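Presented below is the structure to which this report refers.
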Amino acid sequence: MRKTKAYLIDSTKKVVTQVEIGGYKDIQKYIDCRMFTTACNLENGDTLFVDDESLIDGKDHEFFMFEDYLSPIAGNGLLIGSTESGEEADCATNILDCAMKVQWLEKI
């Protein structure tokens, strides 16, 4: 299976790193979740995936804001590119631009 370049937004370590994914199980692994959902789609075709159960799973998640999404996001995020037919593809966004879209939130 072909691996594609994606960016992990790690809310615990507060870093954005490049990772390789090869299917939905890798998405689950990097986001650290059982179920994931789409938070937003960028104009260039990249999609931000997040944990669909992060607010109800009982874990003590860290939060971040993503420039193209209006609400705080709990847990990790994964930015993945896509083809016109919806297949996984390398991110069109470069890692520095992805990192600039992230604002880490502090717990009060």
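What accessible area per residue comes out for the chain, rounded to a whole number of Å², with a 1.4 Å probe?
Details: 6520 Å² over 108 residues.
So the chain comes to 60 Å² accessible per residue, rounded to a whole number.
All other residues with a Cβ under 12 Å from the Cβ of Asn76 taken together, and with Lys, Arg as +1 and Asp, Glu as -1, what is their net charge? Please report the intermediate quantities before stating the final value.
Working: positive: Lys13, Lys14, Lys29, Lys59; negative: Asp10, Asp32, Asp51, Glu62.
Within the 12 Å Cβ shell, the charges total 0.
Which of the peptides 75-88, 17-30 is most tightly packed, and how do the rest follow, judged by the mean count of other Cβ atoms within 10 Å per residue?
On the way: 75-88: 17.8, 17-30: 14.7.
Ranking the peptides 75-88, 17-30 by packing returns 75-88, 17-30.
Please work out which option in (1) 21, 15, 12; (2) 34, 16, 6; (3) 37, 15, 10 gives semi-axes √(5λ) of the Cα gyration tensor in Å calculated from these coordinates, and answer with its label.
Read-out taken from this structure: (1).
With every protein chain kept in the model, how would you rank Asp60, Asp68, Asp51 by accessible area, 1.4 Å probe, largest at the top?
Asp60, Asp68, Asp51
Any idea how far apart Thr38 and Tyr69 come out in nm if each label point goes 7 Å out from Cα toward Cβ?
1.3 nm
Could you tally up the Lys pairs in the chain with alpha carbons closer than 22 Å? Skip any pair fewer than 8 positions apart unless they're on separate chains.
19
The values are calculated or read from the model by the stated rules, or taken from the named source; none is laboratory data. None of these values were measured; they are calculated from a predicted model. For neighbour counting, all protein chains shown are included, and Cβ atoms are generated from backbone atoms with ideal geometry for every residue, glycine included. Please note that ligands, DNA and RNA were not included when accessible areas were found on the heavy atoms of the full protein model with its side chains. Shrake-Rupley method; radii C 1.70, N 1.55, O 1.52, S 1.80 Å.
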